[in-house]
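Single-structure report; data block below.
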Amino acid sequence: MNTDIKRKEIDKYLKRVKERKIIELLITNYNNSNFYVSLVYNQVIDKLKVLYIPLDVLEKNKVKEYCCYQFMEINPMTFALKQIKDNLVNYTKNISRDYRNINMNIMNIEIDIYMNDEKYDFYMTRYLPKELVFLFEAVTLLFEHVPNILGELGNEILSLAMNQTEEIKYQLSITPTDLDKYFKIKLTTTNISYLEKVNNKYYAIIEDHLFIIEYLSNYFNIYADDPTLVNSNDTYTILKAILDRKEIPFTKIEIEEKENKKYYLCFKNKKGKLKIIKNNKITNLSNNKIEVIEDKNKFFEE
């Protein structure tokens, strides 16, 4: 979808109704959908409004019919805008505002700030990064003033800044239909030691290497602890196994760490030593107190 054309249509409409943009949020190819949200100031009635437009259905010369407005009190946004204004001095260079994952061509987010007679365009993939936490309050307020159907989307975009999720630096994004075109080696003879879906991500072990695969919106997002393996037959084998709904379960354990219990996937490496997946890395099993949650492999019965 050509979002540039649709944004020009929106700009023409806003100019016609005398509404000045302060913050623009453009979300594209996010679960196969595209959204436009902005904070605007209406010069005629001296009010702040939040504008939401579903871009997928927007038709040329019919912007007004797709506008969803909600008024916003000035006071809640005042602090958020001051936070932004105080931080913009650190983001005058284009490169300082670009946080995109160049390996992923989905879940693109653009936040444009119109202040100091300038436009500051921030780019990111999927999440609002922790480095841009000064935008958090403003983005939160925007999502509080759009239709409830976007609530889950807003929570996901903000989850990294809220420490509710762990960012994985995916190294490749590809559709299932492109697998045979993309991978030159098309053998599925590699032995997968472990493969299981946990918390909406597939974790796999091949030859003591960790692979993390997210299958989302008809895209595979792929991470390998050794980047040279991303384009390998190992990755191809794992993706084919996921499509075939194959699973080879891990053992699940809880480890007591600093008065807290943390959940880990546990497995045996080629030498027969127990390992766990921690912070998206393979690491040794600690000597802390362990509680076995699920042990289909019978590691802890020996």
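The values are calculated or read from the model by the stated rules, or taken from the named source; none is laboratory data. Quantities reported herein were computed from a predicted structural model and do not represent experimental measurements. Methodologically, a virtual Cβ is constructed for each residue, glycine included, from the backbone with ideal geometry; neighbour enumeration extends over all protein chains shown.
Can you tell me which residues in the range 116-129 are assigned to a strand (DSSP E or B) and either touching a residue at least 60 places away in the same chain (Cβ under 8 Å) or of a type in the set (S, T, Y) (or both)?
Across the range 116-129, the qualifying residues are Y120, Y123, T125.
Please specify each residue of the range 68-101 satisfying the condition of being basic (K, R) and touching a helix residue (DSSP H, G or I) at 6+ places or on another chain (Cβ under 9 Å).
Across the range 68-101, the qualifying residue is only R97.
Filter the range 268-284 down to residues that are basic (K, R) and part of a strand (DSSP E or B) and give me whichever is nearest to H209 (Cα to Cα).
Here the residue is K281.
Looking for whichever is over 27 Å from L160 (Cβ atoms) and not hydroxyl-bearing (S, T, Y) here; the options are K60, K21, K85. Which one fits?
The unique qualifying residue is K60.
Check K298 against each of (1) in contact with a strand residue (DSSP E or B) (Cβ under 7 Å, 6 or more places away or on another chain); (2) loosely packed, with under 15 Cβ neighbours inside 10 Å and name the one condition it does not meet.
(1)
Does the range 65-83 include one or more residues that are of a type outside the set (D, E, K, R), farther than 24 Å from L153 by Cα and either surrounded by 13 or more Cβ atoms within 10 Å (Cβ to Cβ) or not assigned by TED's automatic domain parsing to the domain that holds L25 (or both)?
no
For every residue, the table says whether it meets (1) of a type in the set (D, E); (2) outside the structural domain of V63 (by TED's automatic domain parsing); (3) surrounded by fewer than 17 Cβ atoms within 10 Å (Cβ to Cβ); (4) in contact with a Cys (Cβ under 9 Å, 6 or more places away or on another chain).
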| position | (1), (2), (3), (4) |
| --- | --- |
| L14 | no, no, no, no |
| E24 | yes, no, no, no |
| F35 | no, no, no, no |
| S38 | no, no, no, no |
| Q43 | no, no, yes, no |
| L48 | no, no, no, no |
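Name the single residue, out of those in the range 64-115 being among the aromatic types (F, W, Y) and either in a strand (DSSP E or B) or in contact with a strand residue (DSSP E or B) (Cβ under 9 Å, 6 or more places away or on another chain) (or both), that is nearest to Y41 (Cα to Cα).
F71
Quick check: is even one residue across the range 18-41 touching a residue at least 12 places away in the same chain (Cβ under 8 Å), over 16 Å from F143 (Cα atoms) and of a type in the set (A, V, I, L, M, F, W, C)?
No, the range 18-41 contains no residue that is touching a residue at least 12 places away in the same chain (Cβ under 8 Å), over 16 Å from F143 (Cα atoms) and of a type in the set (A, V, I, L, M, F, W, C).
Can you tell which of Y223, Y194 is surrounded by 15 or more Cβ atoms within 10 Å (Cβ to Cβ) and under 17 Å from L172 (Cα atoms)?
So the residue among Y223, Y194 that is surrounded by 15 or more Cβ atoms within 10 Å (Cβ to Cβ) and under 17 Å from L172 (Cα atoms) is Y223.
Taking the stated definitions as given, is I192 in a loop (DSSP other than H, G, I, E, B), of a type in the set (A, V, I, L, M) and outside the structural domain of N105 (by TED's automatic domain parsing)?
It is true that I192 is in a loop (DSSP other than H, G, I, E, B), of a type in the set (A, V, I, L, M) and outside the structural domain of N105 (by TED's automatic domain parsing).
Go through (1) at pLDDT below 95; (2) crowded, with 20+ Cβ neighbours inside 10 Å one by one and return the number of the condition C266 breaks.
(1)
Condition first: in contact with a Lys or Arg (Cβ under 7 Å, 6 or more places away or on another chain), modelled with pLDDT under 95 and loosely packed, with under 14 Cβ neighbours inside 10 Å. Can you find one or more residues in the range 178-187 that meet it?
Taking every residue of the range 178-187 in turn, at least one turns out to be in contact with a Lys or Arg (Cβ under 7 Å, 6 or more places away or on another chain), modelled with pLDDT under 95 and loosely packed, with under 14 Cβ neighbours inside 10 Å.
So if I check each of I282, I206, which one is surrounded by 20 or more Cβ atoms within 10 Å (Cβ to Cβ), outside the structural domain of N31 (by TED's automatic domain parsing) and modelled with pLDDT of 95 or more?
The match here is I206.
Step by step: first the residues of the range 216-229, then only those that are part of a loop (DSSP other than H, G, I, E, B) and modelled with pLDDT of 95 or more, then the one that is nearest to the chain's Cα centre (by Cα). Which residue is that?
D225
Could you please tell me which pairs satisfy a Cβ distance under 6 Å, a separation of 6+ or placement on different chains, a first residue in the range 200-225 that is farther than 30 Å from K271 by Cβ, and a second residue that is polar (S, T, N, Q)?
Qualifying pairs under 6 Å: S217/N31; S217/N32; N218/T175; Y219/S173; Y219/T175; N221/S173.
I'd like the full set of residues that are assigned to a strand (DSSP E or B) and in contact (Cβ under 8 Å) with a residue 12 or more places away in the chain, limited to the range 234-261.
Answer for the range 234-261, where residues must be assigned to a strand (DSSP E or B) and in contact (Cβ under 8 Å) with a residue 12 or more places away in the chain: I248, T251, K252, I253, E254, I255, E256, E257, K261.
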